[in-house]
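Working notes, beginning with the structure itself.
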Amino acid sequence: MSDETIKEREIMMVMRKLLTTIVREVTPEHKSLKHPLSDQTIQDIRACLGLITAREKELADADGRTAQERPYYVDEPPATKVVPISNIGKAKKNEDE
């Protein structure tokens, strides 16, 4: 991965975080209150976030990574469990019955 790609990835991440933080901060706590942003501004923010996400995906694909990478601990148990096809089938009957 080149320095330019790393820098672009960092810029995209910061822009996404900043936009989502702004939206969170200006969103009223109660639904009865009027949102301070206009409908056009909300649509523009959504479009920006969509473009950022698309570019992040392009960068991840070009680098051979998945765009959904999440940090994890080595000792953390995996979220999925692989079950061999040979183990799939009817439950074995108890011989005592």
* To do: Being acidic (D, E) and either farther than 16 Å from D63 by Cα or not in a helix (DSSP H, G or I) (or both) is the filter here, so list the residues in the stretch 1-53 that pass it.
  => E25, E29, D39, D44
* Name every residue in the stretch 16-40 that is open to solvent by less than 80 Å² (accessible area, probe 1.4 Å) and under 15 Å from I52 (Cβ atoms), in order of residue number. => R16, L19, T20, T21, I22, V23
* So A67 fits all but one of (1) at pLDDT 90 or above; (2) of a type in the set (A, V, I, L, M, F, W, C); (3) surrounded by 11 or more Cβ atoms within 10 Å (Cβ to Cβ); what number is the exception? -> (1)
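The values are calculated or read from the model by the stated rules, or taken from the named source; none is laboratory data. Since the structure is predicted, the reported quantities are computational estimates derived from the model, not experimental observations. We place every Cβ from the backbone using ideal geometry, glycine too, and count neighbours over all the protein chains shown. Only protein heavy atoms, including side chains, enter the accessible area calculation; ligands, DNA and RNA are left aside. Shrake-Rupley method; radii C 1.70, N 1.55, O 1.52, S 1.80 Å.
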